[in-house]
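Structure, as structure tokens:
Bear in mind that the values in this text are calculations on the coordinates, not laboratory data. Because the structure is predicted, anything quoted here is derived from the model rather than measured. Note that we place each Cβ from the backbone using ideal geometry, even for glycine, and neighbour counts take in every protein chain shown.
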Amino acid sequence: MKKVILSLACVALLVSCDSKKSEYDAYYTQEYKDSIAAVTPEKPTNTQTKVGSDAAVNDMTDSGAVAAAPKNEYELGMTLISKSDCLACHKNDQKVVGPAYTDVAAKYEFNDKNVDYLAQKIIKGGAGVWGEIPMPPHADLAVKDAQEMAKYVLSLKK
């Protein structure tokens, strides 16, 4: 009798663990993967990567005033991340509690579908994709801001 119960418990455990699809797999089907062309972000030019250079990315307006442009296309996302609690659990190139941003960028293609997926993960939180430690939700964050943050993270792909 003990052997029968033990056998049934083992079979039930194997069945429940084997068929579980990840949240990402459910969101991002193979059909969509096959239909999308890879989109890669532009690399910043040398003038855009100079820090502290007044001439790096300034534009002259018609009135002669100098208007500063962002240092790179994803500066807004970087600024939003630095002003939030994200850096308590994440770093650009090192795992802390959550994955390194470069690891996230390596896992996901830079495309609109993944930007939306990651923005929703930032807003709703979750667990299971990178381990069992849950990421807390950021429900007060605007979708557009979460998308900018996701774009910055995906731009770190090496």
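Table for the structure above
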| item | result |
| --- | --- |
| At R0 = 30 Å, FRET efficiency that the Cβ-Cβ distance of residue 91 and residue 144 yields, to 0.05 | 0.80 |
| Sequence ranges 104-113, 86-95, ranked by mean other-Cβ count within 10 angstrom, highest first | 104-113, 86-95 |
| Where labels lie 7 Å past Cα in the beta-carbon direction, separation of residue 132 and residue 7 in nm | 3.0 |
| Approximate spin-label separation residue 116-residue 75, in nm, with each point projected 7 Å along Cα-to-Cβ | 2.9 |
| Amide proton proximity set for residue 135, modelled H, under 5 Å, gap of 5+ | 126, 127 |
| The range 98-158: translational diffusion in µm²/s, Stokes-Einstein, Kirkwood Rh over Cα pairs, 25 °C, 0.890 mPa s | 212 |
| Long-range amide H partners of residue 95 with built H, under 5 Å | 100 |
| Out-of-range pairs (alpha-carbon distance over 18 Å; input 83/144; 113/158; 107/151; 95/144; 91/157; 113/157) | 113/158; 95/144 |
| Charge sum, other residues only, whose C-beta stays under 13 Å from residue 136's C-beta, Lys/Arg counted +1 and Asp/Glu -1 | 0 |
